[in-house]
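Here's the structure, in structure tokens; my notes come after.
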Amino acid sequence: MQEDKDDLFAEEMSGVKPLPRHNKADVKKTKEDTPGQEIRRKAAVRHKLLDLNFLSGDDHVEILKSNDLLEYKKDGVQHGVYKKLRLGQYQIEARLDLHRKTVEEARVEVFQFVRDCLRYDLRTVIILHGKGDRNQNQEAIIKSYVNRWLREFDEVLAFHSAQKQHGGSGAVYVLLRKSDREKQNNRERFGSR
């Protein structure tokens with residue numbers, strides 16, 4: 001019975017030639033990219049160009065407590081201007097609410113918000129970051145990152161935690177640099193050079 005099977009197999013295999021033996025795998029790269037590779041390459045370049053967000057991502061940040069105050073003033077900002085900002089005496093021209101956002105979502109939104117404010121020549125804005133009271137350790141994660149991110153903008157002249165009626169330590173007033181266009185308007189309006 002085994003001999004019948006062997007004969008049957010040999011009969012079926014008659015005329016079949018063995019493949020040549022190669023000691024090496026064929027690892028030559030094809031000269032042409034597939035359409036998918038080309039699309040992915042273009043998308044990666046486009047994504048890199050679009051992602052101009054320079055704000056720190058997952059780096060270590062000093063974690064603040066819920067009642068810690070945020071305060072920052074660049075050199076050259078007049079004391080009176082900073083005091084008015086700290087006391088909430090400037091008109092708030094725009095606001096950004098970061099409640100219930102992840103750190104990455106907040107990073108994207110803060111970057112875009114500041115860019116939009118600069119584009120529309122807004123000077124005094126508020127960012128509602130929350131206090132972090134719901135955390136067991138009273139850690140204000142988003143607030144801690146906002147504190148760091150705002151310092152990374154050249155256009156942010158100063159910021160301070162808001163007054164109680166605007167959110168207290170769960171919000172921050174931000175003073176932005178005047179655009180060149182606004183500086184020129186002021187020169188023309190007040191007759192100075």
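The values are calculated or read from the model by the stated rules, or taken from the named source; none is laboratory data. The structure displayed is predicted, hence computed values, not measured ones. Note that each Cβ is placed from the backbone with ideal geometry, even for glycine, and that neighbours are counted across all protein chains shown. Note: areas computed on protein heavy atoms with side chains; ligands, DNA, RNA excluded. Shrake-Rupley method; radii C 1.70, N 1.55, O 1.52, S 1.80 Å.
Would you point out which residue out of VAL125, VAL108, VAL114 is in contact (Cβ under 8 Å) with a residue 60 or more places away in the chain and either assigned to a strand (DSSP E or B) or among the hydrophobic types (A, V, I, L, M, F, W, C) (or both)?
The conditions single out VAL114.
Are there any pairs with C-beta distances below 8 angstrom linking a residue in the stretch 151-171 that is farther than 16 Å from GLN91 by Cα and among the acidic types (Asp, Glu) to a residue that is open to solvent by 10 Å² or more (accessible area, probe 1.4 Å) and part of a helix (DSSP H, G or I), with the two at least 6 apart or on different chains, and if so which?
Filtered contacts from the stretch 151-171: GLU155/LEU118.
Of these, GLY80, GLY132, GLY76, GLY88, which one is surrounded by 15 or more Cβ atoms within 10 Å (Cβ to Cβ), among the small types (Gly, Ala, Ser) and closer than 19 Å to LEU157 by Cβ?
Just a single option satisfies the conditions, and that option is GLY88.
Report, by residue number, each residue of the stretch 165-193 that is assigned to a loop (DSSP other than H, G, I, E, B) and exposed (fewer than 13 other Cβ atoms within 10 Å of the Cβ).
GLY191, SER192, ARG193, listed by residue number.
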